[in-house]
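**Q** Provided herewith is a single structure, encoded as structure tokens, for subsequent inquiry.
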Amino acid sequence: MKPMLPELMQTHGVSRRRFLKYCATLTSLMALPPAMMPRVAQALETAVRPSVIWLSFQECTGCTESITRSHAPTIEDLIFNAVSLDYHHTLQAASGHAAEAAREQAMKDHHGKYLLVVDGSIPVGDPGYSCIAGISNRDMLKETAAGAAAVVAVGTCAAYGGIPHADPNPTGAVAVSEIIKDKPIINVPGCPPIPVVMTGVLSHFLTFGVPKLDDLGRPAAFYGETIHDRCYRRPFYDKGLFAEGFDDEGARAGWCLYKLGCKGPTTKSVCATVKWNGGTSFPIEAGHPCLGCTEPDFWDNGGFYRPLSVPAGDFRKVGLAAVAAGAVAGIGGGMLAHRNRAKAAAEHEEVDAHDLEKPS
């Protein structure tokens, strides 16, 4: 029988206190109220380790590299080890016939219950563009998804087609959702996604099942706001202060990178808050504009270093001037009205006094 999470915690040297601290962080990341933390902890402790089959198709292995970029032992390792990873091209020890036998056995033993994780796009222009064990990506996806409880499309390639899908798309690359229509699909885009987002989605599935998704099939807890909404450079954007080059005074002062092509205003992700490398930084903090990699067709959307449009900050200066002029006009009008009222009151008092002086 597969070990439960408390046994794994003890094996990895993870204390109860450290585990609860992670549960509190995970509860916050999933946009749940703090009172839900005990339920999250209980669910993770009592959940049976689900079988996970991870298929890699047209991809660069960046998503796998990302999810393994953690310091061992970490809570991320704990949660990832809390599932039974029965098949993964890069991480499995088996190869050849033994590897495919492991996938087939997992599909048979856990039919209807296992979680299928896919990274990479699927070529449909010609099945021979990408094959594994003599099986085309499309056929392997269909076969494996048939018995899955749900599918997690990890990375922009699996979620939207990604870079292989970019113009002119010579392989006819498509997303998982273009082929699988009868299973819940959770898109976790990013090139690659943040590790804690991937493990957070897996943890949510273990705890509560399929999370709330947005109109692009992404977990709303991780893709509910734009990077621009939470970016620490946002105040400079609002003031109309923009870097014009990567080495100018504005760039050195940390001004907004909008004019250098930052796609933060149109890109939904938690990069600005969760960040990368254990919360150390993210591209904008490192001085590079956001490329918008969690959005469809980011590779073809107008060029990486072209601004989306005229920055709002430029218009804001005009707008603030208009508001200020209006305010001055309002204040001036108010003062004039006040003077008129005072003058009328004084004239009224003079009339009353004159009437009092008249002989009766």
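The values are calculated or read from the model by the stated rules, or taken from the named source; none is laboratory data. Predicted, not measured: the structure shown is a model, and the values here were computed from it. Note that we place each Cβ from the backbone using ideal geometry, even for glycine, and neighbour counts take in every protein chain shown.
**Q** Scan the stretch 131-160 for residues that are among the hydrophobic types (A, V, I, L, M, F, W, C) and within 23 Å of P193 (Cα to Cα) and report the count.
**A** To start, the set of residues in the stretch 131-160 that are among the hydrophobic types (A, V, I, L, M, F, W, C) comprises 131-133, 135, 140-141, 145-146, 148-154, 157-159.
Subset that is within 23 Å of P193 (Cα to Cα): 141, 145, 148-154, 157-159.
Looking only at that region, the number is 12.
**Q** Quick check on F222: is it buried (at least 23 other Cβ atoms within 10 Å of the Cβ) and touching a residue at least 60 places away in the same chain (Cβ under 8 Å)?
**A** Here the answer is yes, as F222 does meet what is asked.
**Q** Identify, please: which residue in the stretch 91-138 is under 16 Å from N169 (Cβ atoms) and in contact with a Leu (Cβ under 9 Å, 6 or more places away or on another chain) and is, among those, surrounded by the most Cβ atoms within 10 Å (Cβ to Cβ)?
**A** Among those that are under 16 Å from N169 (Cβ atoms) and in contact with a Leu (Cβ under 9 Å, 6 or more places away or on another chain), it is I122.
**Q** Across the stretch 149-162, what is the total count of residues that are assigned to a helix (DSSP H, G or I) and under 13 Å from T61 (Cα atoms)?
**A** 4
**Q** Here is a list of conditions, (1) surrounded by 22 or more Cβ atoms within 10 Å (Cβ to Cβ); (2) small (G, A, S); (3) not in a helix (DSSP H, G or I), and G217 meets all of them except one; can you say which number that is?
**A** The number of the failed condition is (1).
**Q** So, one more: Quick one: G200 ticks every box in (1) assigned to a loop (DSSP other than H, G, I, E, B); (2) in the same structural domain as A150 (by TED's automatic domain parsing) bar one, so which box is it?
**A** (1)
**Q** Can you tell which of C191, C157 is in the same structural domain as V40 (by TED's automatic domain parsing) and surrounded by fewer than 23 Cβ atoms within 10 Å (Cβ to Cβ)?
**A** Every option except C191 fails the conditions.
**Q** Go through the stretch 274-303 and count every residue that is under 20 Å from T156 (Cα atoms) and assigned to a loop (DSSP other than H, G, I, E, B). Reasoning before the result, please.
**A** First pass over the stretch 274-303, keeping only residues under 20 Å from T156 (Cα atoms): 274-277, 282-284, 288-303.
From the residues that got through so far, the ones that are assigned to a loop (DSSP other than H, G, I, E, B) too are 274-275, 277, 282-284, 288-297, 301-303.
Qualifying residue count, the stretch 274-303: 19.
**Q** Does E65 meet the test of being at pLDDT 80 or above, farther than 20 Å from V196 by Cα and not polar (S, T, N, Q)?
**A** no
Residue-wise test of (1) in contact with a helix residue (DSSP H, G or I) (Cβ under 7 Å, 6 or more places away or on another chain); (2) over 28 Å from P195 (Cβ atoms); (3) crowded, with 16+ Cβ neighbours inside 10 Å.
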{"residue": "F236", "(1), (2), (3)": "no, yes, yes"}
{"residue": "E244", "(1), (2), (3)": "yes, yes, no"}
{"residue": "A253", "(1), (2), (3)": "no, yes, no"}
{"residue": "C256", "(1), (2), (3)": "yes, no, yes"}
{"residue": "L260", "(1), (2), (3)": "no, no, yes"}
{"residue": "G264", "(1), (2), (3)": "yes, no, yes"}
{"residue": "G279", "(1), (2), (3)": "no, no, no"}
{"residue": "F282", "(1), (2), (3)": "no, no, yes"}
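**Q** Here's something else I'd like to know. I need the full set of residues from the stretch 272-295 which are in contact (Cβ under 8 Å) with a residue 60 or more places away in the chain, among the charged types (D, E, K, R) and closer than 23 Å to A253 by Cβ, in order please.
**A** Once the filter is applied, which keeps residues that are in contact (Cβ under 8 Å) with a residue 60 or more places away in the chain, among the charged types (D, E, K, R) and closer than 23 Å to A253 by Cβ, the stretch 272-295 yields only K275.
**Q** Please list, ordered by residue number, the helices (runs of 4 or more DSSP H) wholly in the stretch 73-148 having 2 or more residues that are at pLDDT 95 or above.
**A** 96-109, 137-145
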